[in-house]
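Below is one structure, written out as structure tokens, with a few remarks after it.
The values are calculated or read from the model by the stated rules, or taken from the named source; none is laboratory data. As the structure is a prediction and not an experimental result, all values here were calculated from the model. Methodologically, a virtual Cβ is constructed for each residue, glycine included, from the backbone with ideal geometry; neighbour enumeration extends over all protein chains shown.
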Amino acid sequence: MQVQIVFVTVLFLAVSIAGKEQSNYREVKPAYEQQHEPMPYAFAWAVKDEPSSNDYAHQQESDGKVTTGSYRVILPDGRTQMVAYRSDENGYVVDVKFEGETKYPQYQPSLHNNKESYPLPKGNADIPKA
């Protein structure tokens, strides 16, 4: 019994000393809580593919405090939408412009709804005989 008490006491002292040694390390915050200085950056990209009618682009730059940029995209109605923006300590300001004319394709009825696209059987004459 005394051996067990001595063993538990030695174990307790070892854990206490180990805990004190680790307290010398500084606490590290998780990455999502760390504050970093804003860094300047700039990027730009564009896609222009005539066969698929894809034509769009985006560019943005920041000095760490003010972010400016623009993007453009062709809308399904044929117009080009151009957006220029600026974001700073006063908020987010956007200038949206459209270029071109709205174009809608001429309506053509679907063949799936055309009731005359296949002949209907007439009486028993079109039914095959077994």
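Read through the list (1) part of a strand (DSSP E or B); (2) exposed (fewer than 11 other Cβ atoms within 10 Å of the Cβ); (3) within 21 Å of the chain's Cα centre (by Cα), then give the number of the only condition that residue 57 fails.
(2)
Any residue that is among the aromatic types (Phe, Trp, Tyr) and at pLDDT below 95 - is there at least one of those in region 54-66?
Residues of region 54-66 among the aromatic types (Phe, Trp, Tyr): 56.
When the remaining residues are screened for being at pLDDT below 95, the result is 56.
So far as region 54-66 goes, yes, one or more of its residues are among the aromatic types (Phe, Trp, Tyr) and at pLDDT below 95.
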